[in-house]
Amino acid sequence: MRPAFAVGLVFAGCCSNVIFLELLARKHPGCGNIVTFAQFLFIAVEGFLFEADLGRKRPAIPIRYYAVMVTMFFTVSVVNNYALNLNIAMPLHMIFRSGSLIANMILGIIILKKRYSIFKYTSIALVSVGIFICTFMSAKQVTSQSSSSENDGFQAFLRWLLGIGALTFALLMSARMGIFQETLYKQFGKHSKEALFYNHALPLPGFIFLASDIYDHAVLFNKSELYQVPVIGVTVPIMWFYLLMNVITQYVCIRGVFILTTECASLTVTLVVTLRKFVSLIFSILYFQNPFTLWHWLGTLFVFIGTLMYTEVWNNLGTTKSQLQKDKKN
C-alpha cells in the first residue's frame, strides 16, 4: 500500500509543483531565487522539528561531508531556477533536466572508471539526440519570436544560449553530487531524511548574497492582484498563494520520492520519476499552450524511450513476471 501511496504523492506533488512554478515564472521570470529560498526554508524548518529533533540529534554522516554536498546542491538549485530568466521555456527546462542520465554516465566513466553495455550507450545516444532536437528547435523559436529587430533577436538568442549553458552546468554538477552521495552512502549507510534536512538547512546563510533580489521580488509579489483562497476565505496577493502552493507541492513531491526509495528498487524509482516528468511535460504543453512542434514531440519521444532503455525496464518486468509465476507454483 505504501508504494502505491508514494507513487500518488510523486505524481500529485511533482506535477502540480511544475504548474505553480510556471505560473510564477510567467508573471515574474526572474523569481527563481525567492522560490528556491522558500522551498529551502520550509523543508529545513520541517527537518529541524521532526528529523533533527530541534538540533539534539547528531548526524550519522559528518557535517564536513554535508558541507561539500550542500555547496553542490545549493548551486544546482539556484542555477536551475535562474535559467528560467534566460529565455528558457518550461518544456525545454524539463526536457533538458531529463538528460541527467547522460551526465551521470559521462562522470561515471571519468571519475568511477565505470563501463557500460552497448544497450546503455544506445539509450544514452537516443536521449542525447532527443535533447539536441528539442534544444535546436527552441533556438529557432527564440530567434524568430523574440523581436522583429535583428539586434534584439541576437541579444535574446545570447540570453537563451547563456540559459542552455546554465542548464548544462547544473546537469553536470547534479551528476557529480549524485556520485558523491553514492560514495557517502556506501561508507556511512543511507540516511535520506537526514541528507534532505542538511541539504536544505546548511545553505540558508548563502541566501544572504541573494537578499536584494529576494526582497525586490517580495515587493513585486505584494503588489500582485488579490486572491481569495478557497475554503478558508483568506485574501492574499496571488503570487504569494502560488509560492505557498509551490513550496507545499515541492515538499509532497520530495516526501513521495523518499518513501519510494525506502520501499522500492532504484529501477522503480527511476521509472516513476521519468513517467512523472513526461506527464508534467504534456500537461505544461496542453494547459499553458507552450509552443511545441512535431520536432519537439520527436525529441521528447527519443528522451523518453532512451530513459526506459537505460533502466532496462522490459528485462525487469520479465524477471518480475517469471518470479511471480514461480512463487504461484510453489
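Computed from the coordinates by the stated procedures, all read-outs in this text should not be read as laboratory data. Small disclaimer: the values here were computed from a predicted structure and weren't measured. Here the Cβ positions follow ideal geometry from the backbone for every residue, glycine too, while neighbour counts run over all protein chains shown.
Mind giving me the FRET efficiency for residue 193 and residue 97? R0 is 35 Å, r the Cβ-Cβ distance, nearest 0.05 is fine.
Result of the calculation: an efficiency of 0.90.
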**Message:** Shape verdict for segment 67-113, please, from the Cα gyration tensor: rounded (a/c under 1.5), prolate (a/b greater than b/c) or oblate.
**Reply:** oblate
**Fill in**
For segment 171-220, shape from the Cα gyration tensor axes a ≥ b ≥ c, cut at a/c of 1.5 then a/b versus b/c, turns out prolate
**Fill in**
Within the under-15-Å Cβ sphere about residue 111, not counting residue 111, Lys/Arg +1 and Asp/Glu -1 give a net charge of +4
**Asked** Extension gain residue 216-residue 168, at 0.36 nm per residue separation less the Cα-Cα distance, in nm?
**Response** 14.5 nm
**Complete:** FRET efficiency (residue 154, residue 295; Cβ distance; R0 35 Å; to 0.05) is 0.95
**Complete:** Length gained, residue 240-residue 287, 0.36 nm per residue minus C-alpha separation, equals 14.8 nm
**Asked** What does the charge add up to near residue 28, with Lys and Arg as +1, Asp and Glu as -1, over the other residues with Cβ less than 14 Å from its Cβ?
**Response** -1
**Item:** Those residues of segment 20-43 whose amide nitrogen sits under 16 Å from the label point placed on residue 50, 7 Å along Cα→Cβ
**Value:** 40-43
**Prompt:** In nanometres, what is the gap between the two model label sites at residue 117 and residue 71, each 7 Å from Cα along Cα-to-Cβ?
**Reply:** 3.8
**Prompt:** Rounded, prolate or oblate: which fits segment 22-113 when a ≥ b ≥ c are the square roots of the eigenvalues of the alpha-carbon gyration tensor, with rounded for a/c under 1.5 and prolate only if a/b beats b/c?
**Reply:** oblate
**Complete:** For residue 71, the net charge from surrounding residues (Cβ-Cβ under 12 Å; K, R +1; D, E -1) works out to +2
